[in-house]
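A quick write-up on the structure given underneath.
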Amino acid sequence: MNVRIAAVEVFPVVYATRGWFKFLEGPKGRRGGRPSVVIKITADNGAVGWGQSIPLHRWSYETLETVQTTLERYLAPELVGLDPFDLEAIHAAMNRIIAPSFSTGQPICKAGVDLALFDLVGRLTGRGAAAQWGLPMRPRLTLSWTINVRSLAEAEQVLAEGWKLGYRHFNVKVAPDPSFDLDLCRLVKRLVPEGFLWADANGGYDEETALAVAPRLADVGVAVLEQPLPAARLTGYRRLRQQRALPILMDEGIVSSVELEEFIRLELLDGVAMKVARCGGLTEARKQIRLLENAGLMWLGSGLTDPDLSLAACLHLYAAHGLDRPAALNGPQFLRGSILKEPIRIENGEALVPHGPGLGVEVDPHRLQPSLE
């Protein structure tokens with residue numbers, strides 16, 4: 001199909017939030033909303049694809065402002081005139097104009113472009129995600145409910161809210177206080193003994209604390225420990241993996257398949273908590289899943305409190321690649337508002353995977369407001 005990218009447009013959108021989640025706080029702890037930048041790529045035949053970048057300033061160095069200016073001033077001029085089907089050339093062009101540091105430069109920003117191209121190609125060919133990848137697609141994906149709290153009483157309340165909505169599996173934010181973390185996980189396991197309990201430290205422990213707490217978390221029923229140390233503490237990850245108390249998953253430290261391949265060789269991890277936004281989009285995420293599966297390692301489905309288009313991409317990826325554990329996709333839990341004509345449906349703790357060409361969802365241009373309430 002002889003088409004070229006004719007235009008790239010960007011729309012900053014901030015979603016209103018509900019509840020308390022540490023990564024959604026603004027400066028000085030102010031309520032900040034969930035920032036995103038919606039990307040519209042138009043081909044020279046008039047076809048349109050939509051994507052979404054989802055920066056989270058308390059999780060990475062990317063912000064709404066850096067994503068918007070990078071897209072408008074650097075990536076868009078490079079993309080115009082390129083073949084939307086040639087993803088290798090497009091990613092090479094993006095990586096030339098925005099260079100890497102240790103790994104891919106501004107991967108969250110670039111992820112939105114990758115999603116928009118995936119959507120555009122699907123609409124040009126009339127194919128959804130399953131058909132584009134040649135994989136079967138499950139219609140539903142089981143989700144996990146996030147417990148990020150400051151007291152045990154608050155934990156009971158948050159858990160009860162998720163239970164009422166049909167959630168039966170829970171991911172818990174832990175660190176830096178191992179005593180509180182053990183009490184919290186013990187409480188969750190007592191209230192939901194059959195649920196999959198996943199602890200995520202977001203790099204909040206030091207090495208000695210992580211080594212001490214991992215066996216005790218296992219004793220209270222935690223199934224996996226995600227990102228126990230800061231991303232650069234590689235010798236600590238090796239010691240934790242050798243300890244074998246719990247499967248050790250990496251998250252913040254994995255951006256591209258280059259470092260993932262190296263970390264697998266160095267035996268630093270038992271698996272990865274996948275995030276489409278973190279690694280630059282669906283193209284790179286699929287490479288990482290193949291690497292992990294070929295190495296016999298685990299991957300879990302996770303996210304960055306994904307709204308709308310980014311959430312749709314995660315659901316397609318995890319459902320098509322046979323994720324067999326609950327996905328920690330908490331956008332529906334913490335966000336309000338939608339830019340879609342028909343928002344993604346959550347029923348009894350399960351997400352209905354969109355169907356249709358591209359990402360399978362339809363953007364309502366009238367909803368592209370700077371602030372969604």
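Only the coordinates and a few stated rules stand behind these numbers; no lab work does. The shown structure was predicted, so the numbers you read here are calculated from the model rather than taken from an experiment. Positions of Cβ are generated from backbone atoms using ideal geometry, with glycine treated the same way; all protein chains shown enter the neighbour counts.
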Can you tell me the Rg and Dmax of the stretch 5-126, counting just the alpha carbons, in angstroms? 15.2, 48
How high is the relative contact order of the stretch 5-126, given as a whole-number percent (alpha carbon pairs under 8 Å, six or more residues apart)? 30 percent
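Give me the mean projected area, in nm² to one decimal, of the convex hull enclosing the Cα positions of the stretch 114-188. All intermediate terms of the calculation are to be shown ahead of the outcome.
Values: hull surface 30.8 nm².
That works out to 7.7 nm², a quarter of the Cα hull's surface.
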Could you grab the relative contact order for the stretch 133-365? Cα pairs under 8 Å, six or more apart, rounded to a whole percent. 22 percent
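Under unit Cβ charges (Lys, Arg +1; Asp, Glu -1), what dipole magnitude, rounded to 20 debye, does the chain have relative to its Cα centre? It would help to have the intermediate numbers written out before the result.
Working: 40 positive and 43 negative charges, 94 e Å.
Result for the chain is approximately 460 debye, rounded to the nearest 20.
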Among Val188, Met1, Ile254, the residue whose Cα sits farthest towards the positive end of the charge dipole of the chain, when +1 is placed on the Cβ of each Lys and Arg and -1 on the Cβ of each Asp and Glu, is Val188
Residues Glu284, Glu259 arranged by fewest to most Cβ contacts within 10 Å: Glu259, Glu284
Additional length obtainable on full extension of the chain from Leu352 to Glu72, 0.36 nm per residue less Cα span: 97.5 nm
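If you take all C-alpha pairs in the stretch 245-311, what percent of them are over 20 Å apart? Mind dumping the intermediate values first?
Numbers: 472 of 2211 pairs.
Beyond 20 Å sits 21 percent of the P(r) for the stretch 245-311.
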Expressed in nanometres to one decimal, the distance between label points 7 Å along Cα→Cβ at Glu262 and Arg58 is 3.1 nm
Helix 178-191 sits at what angle to the longest principal axis of the chain, using alpha carbons and giving 0 to 90 degrees rounded to 10? 80 degrees
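Just how large is the dipole of the stretch 210-253 about the Cα centre, in debye to the nearest 20, putting +1 at every Lys and Arg Cβ and -1 at every Asp and Glu Cβ? Spell out each step's value before the answer.
Working: 6 positive and 4 negative charges, 56 e Å.
About 260 debye.
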Where nothing but the Cβ of Lys and Arg (+1) and of Asp and Glu (-1) is charged, how large is the charge dipole of the stretch 42-188 around its Cα centre, in debye to the nearest 20? 460 debye
Fewest Cβ neighbours within 10 Å first, please rank Asp200, Asp114 accordingly. Asp200, Asp114
With labels modelled as points extended 7 Å from the Cα through the Cβ direction, what inter-label distance (nm, one decimal) is found for Arg190 paired with Leu234? 4.3 nm
What do you get for the angle between helix 282-294 and the principal long axis of the chain? Use alpha-carbon atoms, 0 to 90 degrees, nearest ten. 40 degrees
For the chain, diffusion coefficient by Stokes-Einstein and Kirkwood Rh (Cα), 4 °C, 1.567 mPa s, µm²/s: 62 µm²/s
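Given the convex hull over the Cα atoms of the stretch 242-373, what projected area results after averaging over all orientations, in nm²?
The Cα convex hull of the stretch 242-373, projected and averaged over all directions, gives 9.3 nm².
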Let me understand the stretch 200-285 better: what is its radius of gyration from the alpha carbons, and its Dmax, in angstrom? 12.5, 38
